[in-house]
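J.: Below is one structure. I have some questions about it.
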Amino acid sequence: MHDSIDAAGLKGRDFLSTQDWSVDELETLFALAARLKADRKAGIPTRLLEDKTLYMIFFDSSTRTRNSFETGITQLGGHGIYLSPDKMQISHGENARDTANVLSRYGEAIAIRHCAFGEGNEYLTEVAEHASVPVLSMQCDVYHPCQILADYLTIREKLGSGRGLKLGVAWTSAPNYVRPISVPQSLILMMPRLGIDVTLAYPPEFRLLPDIEEQAQANAAAGDARFEISHRFEDAFEDADVVIPKSWGPLVHTRDHAEGVRLIEAYPDWRCDANRMALGKDHMLYMHPLPADRGREVTNEVIDGPQSVVYDEAENRLHVQKALMALTM
Amino acid sequence: MHDSIDAAGLKGRDFLSTQDWSVDELETLFALAARLKADRKAGIPTRLLEDKTLYMIFFDSSTRTRNSFETGITQLGGHGIYLSPDKMQISHGENARDTANVLSRYGEAIAIRHCAFGEGNEYLTEVAEHASVPVLSMQCDVYHPCQILADYLTIREKLGSGRGLKLGVAWTSAPNYVRPISVPQSLILMMPRLGIDVTLAYPPEFRLLPDIEEQAQANAAAGDARFEISHRFEDAFEDADVVIPKSWGPLVHTRDHAEGVRLIEAYPDWRCDANRMALGKDHMLYMHPLPADRGREVTNEVIDGPQSVVYDEAENRLHVQKALMALTM
Amino acid sequence: MHDSIDAAGLKGRDFLSTQDWSVDELETLFALAARLKADRKAGIPTRLLEDKTLYMIFFDSSTRTRNSFETGITQLGGHGIYLSPDKMQISHGENARDTANVLSRYGEAIAIRHCAFGEGNEYLTEVAEHASVPVLSMQCDVYHPCQILADYLTIREKLGSGRGLKLGVAWTSAPNYVRPISVPQSLILMMPRLGIDVTLAYPPEFRLLPDIEEQAQANAAAGDARFEISHRFEDAFEDADVVIPKSWGPLVHTRDHAEGVRLIEAYPDWRCDANRMALGKDHMLYMHPLPADRGREVTNEVIDGPQSVVYDEAENRLHVQKALMALTM
C-alpha cells in the first residue's frame with residue numbers, strides 16, 4: 001500500500017478545501033478510503049503513519065471530528081494531540097506564524113477547526129502559508145471538506161457511482177444555535193465536480209457567499225452536472241436520490257445574532273418530515289452531518305427511519321480522513 | 001494469553017455493575033488481572049489491544065480513574081481518548097443514541113463517568129442500549145464497579161482468599177464535598193457474593209438506596225455470607241479483617257445541599273483514628289478509594305500508617321481495568 | 001543505543017534543575033539529543049520507551065512544552081497524558097503525596113509545569129520526594145531547565161563548542177503579561193558551568209533571586225567563565241556571540257501586580273531592535289523561548305531576520321527532552 005500512496009504525489013499537500021484538489025486526486029483519496037475501510041473490517045493492521053504526530057487545534061467543540069481524526073491516526077499507528085487555544089499560548093502573543101513554524105518542527109501535520117465567521121479560513125490559510133507540514137481543515141467558516149468527502153463516499157456506497165444522481169441540499173429551521181454555512185458551501189462546490197446534480201433550497205435571507213455560489217455554477221459546468229438554487233423547500237426533495245436538510249445561519253445577510261434567530265424562526269415549516277421524504281425517489285437517502293436538532297430540523301421518524309444513513313455517513317468520516325492523512329502526511 | 005481471553009466469552013459485554021457478571025466471570029477477570037500485574041512487573045509486553053481506541057467520557061473530574069484507564073489501554077497497545085461533555089457537542093443537541101452509535105463506528109469501547117444523582121446510571125444505560133461496542137462504567141450515581149474490583153484484588157493479595165473475612169464499610173463525616181453513594185453500594189453488592197461478611201455502618205440519614213440494600217441481602221444469602229447494617233461507627237471495626245471508612249452524602253434522605261452539609265457535620269465523631277483501628281483484628285487493613293479528606297475522614301496517622309494499603313488499592317485499579325478491557329474489547 | 005543509555009546511570013533520576021546534574025551528566029544528555037535528532041532526520045525509529053506513560057501536569061498553559069513533550073514520548077514509542085489540575089481531584093483534597101504515589105504506581109514519569117511564584121518549585125519538590133518514578137520539570141517559578149538545555153544545544157550547533165562565547169541575557173519591556181523569572185535564572189546557572197561567559201542586564205527593580213545570582217557566580221568560577229550583572233541594556237549586546245532578550249516580572253522586588261506593570265512600562269526602550277543587534281559580533285544569534293511579544297520585546301525585523309534562530313531553538317526542545325526521557329524513564 002505504501003508504494004501506491006507515495007506514487008499519488010500528495011505528500012505534504014494542504015487540504016483546506018476540496019477545490020484545491022483535482023478530481024483525480026479526490027478519486028485517489030476515495031479509493032484509498034474504501035481500501036482502508038475494508039482492511040479495518042477484515043482486521044488487517046494499517047500502520048502507515050507509525051509514531052507520527054497529528055496536531056488537532058479546536059477553536060470549536062466537536063464529537064465526530066475529533067474522535068474520527070484521533071481514532072484514525074491511532075489506527076494508522078500514529079498519535080493525535082488534542083489542542084484548544086485556551087490551553088495553548090495563543091492568548092499570550094503567539095501568532096499563526098509561530099504556531100505553524102513550531103509545530104512543523106515537532107510533528108507531521110496540523111489539523112484545525114476554526115468556525116468564527118470572517119476569521120476561520122483566514123487563520124487556516126495563514127498557518128498553511130507558514131507550515132512546512134500539511135495543514136488539514138477540520139472545518140472553518142467557509143469550508144468543511146472532510147464532511148463532504150464522507151458524504152460522497154456514503155452516496156457511492158449506497159447508490160453506486162454518483163454521476164447523474166440528484167442531491168437536494170435544503171436549509172432547515174433550528175433556532176437554538178446559529179450554525180456555520182461551511183457544510184452547504186462545500187456540498188455545492190464538490191458534488192457537481194463529480195457529476196452529481198445539486199438543488200440548493202433556502203429562504204432568501206439564507207443565501208451562501210456569492211463567490212461560492214458562482215464557483216459551484218462553474219464547477220457544475222465543468223463536471224457536466226446541474227446546479228440550481230430555489231427558495232422552495234420541496235424543490236430539494238422532489239425526485240431526488242439523496243437529500244441533506246440542514247440548518248445554517250443567515251450569516252451572509254446579517255451578523256446580528258438576535259436578528260439571525262428571528263429569521264430562523266420565521267420559517268418553522270422548513271423541517272424534514274415523512275411527507276417531504278415521500279416527494280423523493282423511493283430509494284432516496286436522508287443524510288445529516290449530525291448533531292441534528294431533532295424535532296426542529298427533522299422528525300425522529302425520518303432520522304431514525306429506514307432511509308436515514310446518518311451513522312454510515314458519520315462512520316465514513318473515519319475512513320476518508322485516514323485516507324487523507326495517509327496521503328498527505 | 002489471547003486464546004484464554006477469547007475463550008472467556010466476554011467480548012462485547014458491558015460492565016455497568018458487578019451485578020451483571022456471574023461470580024465465575026468475575027473470577028476470570030481477577031485471574032487475568034493478577035496475570036497482567038505479574039507480566040508488568042516482569043517487563044513482559046501485553047499488546048492485547050493494539051491500535052484499539054477506548055473513549056473515556058468524563059462528566060466529573062478524576063485522577064485515578066482517568067490515569068489508570070488511559071495508562072492501562074496504553075500498556076495494552078491501544079489508545080484512550082479523554083472526552084468531557086463541554087468539548088463535545090452534547091450541548092448542541094447530541095443525545096446518548098447519537099453518541100453511542102457514532103463512537104461504536106469508530107472505536108472499540110466507551111467508558112463513562114457520570115455521577116449526577118438520578119442521571120448518571122440512566123445515561124450509561126441508554127448509551128449501552130445503543131452502542132454496539134462494550135460500555136464500561138467509570139462510576140455513576142449508583143455503582144463504581146471498577147473500584148470494588150480493585151478493592152477485592154487488594155484484599156485477596158494481602159489476606160489470601162476473601163471467604164470468611166469480615167469487611168467493615170463505614171460512613172465518615174467530610175462536609176466539604178457531598179460525595180456519591182456508589183462506592184458503598186458497590187461494596188455491599190459484590191463482596192458478599194464472594195463470601196465476604198459485610199457490616200455497613202452509617203447514621204440513619206445516610207442510608208443507601210433501599211433496593212440496593214435488599215439486593216445486598218440477597219447476594220449475601222446466595223454467597224453464604226453475612227450482611228448487616230448498623231448505626232454505630234464502631235461496629236464496622238470490631239473484629240474486622242478489613243475496614244473501608246468513607247464519606248458519602250445523605251442523598252437518599254435529602255437532595256437539599258445545605259441540609260446535606262448540615263447532616264454531615266452532625267456526626268463529627270465518625271472519623272477513622274487509631275482508637276477505632278485498635279478495635280479490629282491485628283492484621284486489619286485500612287482501605288480508601290482516595291482522595292481522602294485527611295483530618296476529617298481519617299487521621300494522617302492511620303492513612304499513612306502500616307495498616308493502610310491505599311496505594312496498593314489505587315494501583316490495582318490499573319490491573320483490574322486492564323483485565324476488564326482485555327476481556328470485553 | 002539502549003546499552004549506552006543504561007550505562008549512563010540516570011534511570012530514575014529527577015530533573016528539577018540543571019543544578020542537580022553534573023556537567024558530565026549534562027554532556028551525556030546533549031550527546032544523546034544530537035543522536036536522536038539525527039535519527040529522526042534519517043527516519044530511523046527510536047522506540048526506546050515502548051508503551052511507557054508520561055504524565056504531564058500543567059498548572060499553566062503551554063504550546064511548545066506540551067507539544068514537544070507529547071510528540072517526543074510518541075516518537076519514543078510511549079504515550080503522554082495531558083493533565084490539568086481542574087480535571088483532576090487536586091481540588092477534592094488530593095495532596096502532592098497522593099498524586100505522586102498513585103501516578104508512580106501506574107506510569108513511568110511525572111512532568112509538571114507550575115509557575116505560581118512561591119508555590120511551583122515547592123510543589124515539584126514535594127511530588128519528587130514521594131514519587132518512585134522520575135519527576136521532570138516543565139518549568140516552575142524558579143527554574144525552566146528544559147528550555148536552557150535546548151538553548152545550549154542550539155548554540156553548540158550554530159557556533160561549535162560553547163566555551164569562550166559571550167552570551168547576553170537581557171530583560172525586555174512587555175507589560176501585557178508578568179512573566180516568570182525561571183528562564184533567565186536557569187540561563188545564568190547553567191551556561192557558565194559549560195564555559196560560556198554571561199552578561200545579565202536588567203533595570204534594578206528586575207533583579208533575580210539573590211541566591212540564584214550567587215550560585216551563578218559560583219558556577220562561573222567553577223566553570224572558568226565570567227558572569228556579570230549590568231543595569232545597561234546594551235551591555236548584553238556589545239561584542240556578544242548570542243543574545244537572549246526576554247521579558248520577566250519584577251517579582252523579587254514587588255508582588256503587587258499593578259506596581260509590576262507600572263515598572264515594566266517605565267523602561268520602554270529595553271527592546272531588541274536592529275541597532276542593538278548591530279552592537280554584537282557579526283554572527284551574533286538572536287534567541288527567544290517564545291512566545292515573544294512582537295513590537296514590545298523585539299521588532300519583527302529582528303525576530304524574523306537572518307540572525308534569529310528561534311524556530312531551531314524551539315525544535316531543540318523536542319530533542320533534548322527526548323534525551324531526558326530516554327535517560328531517566
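The values are calculated or read from the model by the stated rules, or taken from the named source; none is laboratory data. Because the structure is predicted, anything quoted here is derived from the model rather than measured. Positions of Cβ are backbone-derived with ideal geometry, glycine not excepted, and every protein chain shown enters the neighbour counts.
J.: Name every residue in region A:288-329 that is within 22 Å of residue A:249 (Cβ to Cβ), free of Cβ contacts under 8 Å to residues at least 12 places away in the same chain and in contact with a helix residue (DSSP H, G or I) (Cβ under 7 Å, 6 or more places away or on another chain), in order of residue number.
T.: Across region A:288-329, the qualifying residue is only A:294.
J.: Condition first: touching a strand residue (DSSP E or B) at 6+ places or on another chain (Cβ under 8 Å), in a helix (DSSP H, G or I) and among the polar types (S, T, N, Q). Now tell me which residues in region C:267-300 satisfy that.
T.: Across region C:267-300, the qualifying residue is only C:300.
J.: Would you mind stating whether residue B:235 is in a helix (DSSP H, G or I), in the same structural domain as residue B:306 (by TED's automatic domain parsing) and modelled with pLDDT of 95 or more? Walk me through how you get there before you give the answer.
T.: Values: in a helix (DSSP H, G or I): yes; in the same structural domain as residue B:306 (by TED's automatic domain parsing): yes; modelled with pLDDT of 95 or more: yes.
When the stated conditions are applied, residue B:235 passes them.
J.: Return yes or no: is residue B:289 within 21 Å of the chain's Cα centre (by Cα), closer than 14 Å to residue B:173 by Cα and crowded, with 21+ Cβ neighbours inside 10 Å? Quick ask: steps written out before the conclusion?
T.: Numbers: within 21 Å of the chain's Cα centre (by Cα): yes; closer than 14 Å to residue B:173 by Cα: no; crowded, with 21+ Cβ neighbours inside 10 Å: yes.
So residue B:289 fails the test.
J.: Do we have residue C:117 as among the aromatic types (Phe, Trp, Tyr), buried (at least 16 other Cβ atoms within 10 Å of the Cβ), more than 8 Å from every other protein chain (Cβ to nearest Cβ) and within 27 Å of residue B:46 (Cβ to Cβ) here?
T.: Details: among the aromatic types (Phe, Trp, Tyr): yes; buried (at least 16 other Cβ atoms within 10 Å of the Cβ): yes; more than 8 Å from every other protein chain (Cβ to nearest Cβ): yes; within 27 Å of residue B:46 (Cβ to Cβ): no.
No.
J.: I've got another one for you. Which residue out of B:59, B:69 is touching a Pro at 6+ places or on another chain (Cβ under 7 Å) and either more than 19 Å from residue A:50 (Cβ to Cβ) or among the β-branched types (Val, Ile, Thr) (or both)? Steps first, answer last, please.
T.: Working: B:69 fails: touching a Pro at 6+ places or on another chain (Cβ under 7 Å).
None of the other options fit; the residue is B:59.
J.: Of all the residues that make up region C:271-286, how many are closer than 20 Å to residue A:97 by Cβ, surrounded by 19 or more Cβ atoms within 10 Å (Cβ to Cβ) and not aliphatic (A, V, I, L, M)?
T.: Looking only at that region, the number is 3.
J.: For residues in region C:298-316 being among the charged types (D, E, K, R) and within 11 Å of chain A (Cβ to nearest Cβ), which is surrounded by the most Cβ atoms within 10 Å (Cβ to Cβ)? Even if it seems obvious, please write down each step before you answer.
T.: Keep residues of region C:298-316 that are among the charged types (D, E, K, R), which gives C:301, C:304, C:312-313, C:315.
Then keep just the ones that are within 11 Å of chain A (Cβ to nearest Cβ); that gives C:304, C:312-313, C:315.
Values: C:304: 12, C:312: 16, C:313: 27, C:315: 21.
If we take residues in region C:298-316 being among the charged types (D, E, K, R) and within 11 Å of chain A (Cβ to nearest Cβ), then C:313 is surrounded by the most Cβ atoms within 10 Å (Cβ to Cβ).
J.: Looking at C:165, C:149, C:187, C:159, which one is crowded, with 21+ Cβ neighbours inside 10 Å and more than 14 Å from the chain's Cα centre (by Cα)?
T.: Numbers: C:149 fails: more than 14 Å from the chain's Cα centre (by Cα); C:187 fails: more than 14 Å from the chain's Cα centre (by Cα); C:159 fails: crowded, with 21+ Cβ neighbours inside 10 Å.
None of the other options fit; the residue is C:165.
J.: Those residues that are facing another protein chain (nearest Cβ under 9 Å) and either under 17 Å from the mean Cα position of the chain (by Cα) or hydrophobic (A, V, I, L, M, F, W, C) (or both), I need them from region C:54-69; list them, please.
T.: Initial filter on region C:54-69 (facing another protein chain (nearest Cβ under 9 Å)): C:55, C:58, C:61-64, C:66-68.
Selection gives C:58, C:61, C:62, C:63, C:64, C:66, C:67, C:68.
J.: Within region C:171-206, work out how many residues are in contact (Cβ under 8 Å) with a residue 60 or more places away in the chain and closer than 17 Å to residue C:222 by Cβ.
T.: Looking only at that region, the number is 5.
J.: Taking residue C:65, is it of a type outside the set (Lys, Arg) and part of a loop (DSSP other than H, G, I, E, B)? Steps first, answer last, please.
T.: Working: of a type outside the set (Lys, Arg): yes; part of a loop (DSSP other than H, G, I, E, B): no.
When the stated conditions are applied, residue C:65 does not pass them.
Each row is one residue, and each column tells you yes or no for (1) crowded, with 24+ Cβ neighbours inside 10 Å; (2) more than 25 Å from residue A:37 (Cβ to Cβ).
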site	(1), (2)
A:99	yes, yes
A:105	no, yes
A:109	yes, no
A:121	no, yes
A:126	no, yes
A:136	yes, no
A:143	yes, no
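J.: Do any helices (runs of 4 or more DSSP H) entirely within region B:101-206 hold 1 or more residues that are within 18 Å of residue B:284 (Cα to Cα), and if so, which? Write out each step before concluding.
T.: Details: elements: B:120-130, B:145-159, B:182-190.
Fully inside region B:101-206 and qualifying: B:145-159, B:182-190.
J.: Take region B:254-265 and flag every residue that is part of a loop (DSSP other than H, G, I, E, B) and surrounded by 14 or more Cβ atoms within 10 Å (Cβ to Cβ).
T.: Let us first name the residues in region B:254-265 that are part of a loop (DSSP other than H, G, I, E, B), namely B:254-256.
The answer is B:254, and nothing else.
J.: Still on this structure, please answer the following. Among the residues of region A:207-221 satisfying the criterion of being closer than 12 Å to residue A:252 by Cβ, of a type outside the set (A, V, I, L, M, F, W, C) and in a helix (DSSP H, G or I), which is nearest to the chain's Cα centre (by Cα)? Steps first, answer last, please.
T.: Going residue by residue through region A:207-221, those that are closer than 12 Å to residue A:252 by Cβ are A:207-213.
In the following step, the residues that additionally are of a type outside the set (A, V, I, L, M, F, W, C) were identified as A:207, A:210-211, A:213.
Subsequent filtering for residues that are in a helix (DSSP H, G or I) retains A:210-211, A:213.
Numbers: A:210: 19, A:211: 19, A:213: 17 Å.
By that ranking, first place goes to A:213.
J.: I've got another one for you. I'd like to verify a number: residues in region B:33-53 that are more than 14 Å from residue B:323 (Cβ to Cβ) and either within 14 Å of chain A (Cβ to nearest Cβ) or in a strand (DSSP E or B) (or both), how many?
T.: Looking only at region B:33-53, we keep the residues that are more than 14 Å from residue B:323 (Cβ to Cβ), and these are B:41-45, B:47, B:50-53.
Going one step further and asking which of them are either within 14 Å of chain A (Cβ to nearest Cβ) or in a strand (DSSP E or B) (or both), we end up with B:47, B:50-53.
Residues that pass the stated criteria total 5.
J.: Residue A:251 fails exactly one of the following numbered conditions: (1) crowded, with 19+ Cβ neighbours inside 10 Å; (2) part of a helix (DSSP H, G or I). What is the number of that condition?
T.: Status for residue A:251: all satisfied but (2).
J.: May I ask you to say which residue of B:68, B:84 is at negative phi and either acidic (Asp, Glu) or surrounded by fewer than 17 Cβ atoms within 10 Å (Cβ to Cβ) (or both)?
T.: Details: B:68 fails: either acidic (Asp, Glu) or surrounded by fewer than 17 Cβ atoms within 10 Å (Cβ to Cβ) (or both).
Step by step, each of B:68, B:84 is checked, and only B:84 is at negative phi and either acidic (Asp, Glu) or surrounded by fewer than 17 Cβ atoms within 10 Å (Cβ to Cβ) (or both).
J.: Looking only at region A:74-88, count every residue that is touching a strand residue (DSSP E or B) at 6+ places or on another chain (Cβ under 7 Å) and either within 24 Å of residue A:156 (Cα to Cα) or in a loop (DSSP other than H, G, I, E, B) (or both) and tell me the total.
T.: 2
J.: A follow-up question, please. May I ask you to verify whether residue A:26 is over 22 Å from residue C:66 (Cα atoms) and either part of a helix (DSSP H, G or I) or within 8 Å of another protein chain (Cβ to nearest Cβ) (or both)?
T.: On the way: over 22 Å from residue C:66 (Cα atoms): yes; either part of a helix (DSSP H, G or I) or within 8 Å of another protein chain (Cβ to nearest Cβ) (or both): yes.
Against the criterion (over 22 Å from residue C:66 (Cα atoms) and either part of a helix (DSSP H, G or I) or within 8 Å of another protein chain (Cβ to nearest Cβ) (or both)), residue A:26 qualifies.
J.: Then there is this: For residue A:168, indicate whether it is away from chain C (no Cβ under 14 Å) and touching a Ser or Thr at 6+ places or on another chain (Cβ under 7 Å). Working first, answer last.
T.: Working: away from chain C (no Cβ under 14 Å): yes; touching a Ser or Thr at 6+ places or on another chain (Cβ under 7 Å): yes.
Spelling it out, residue A:168 is indeed away from chain C (no Cβ under 14 Å) and touching a Ser or Thr at 6+ places or on another chain (Cβ under 7 Å).
J.: Given the conditions (1) under 26 Å from residue C:255 (Cβ atoms); (2) crowded, with 22+ Cβ neighbours inside 10 Å, report the number of the one that residue C:176 does not fulfil.
T.: Residue C:176 satisfies all of (1) under 26 Å from residue C:255 (Cβ atoms); (2) crowded, with 22+ Cβ neighbours inside 10 Å except (2).
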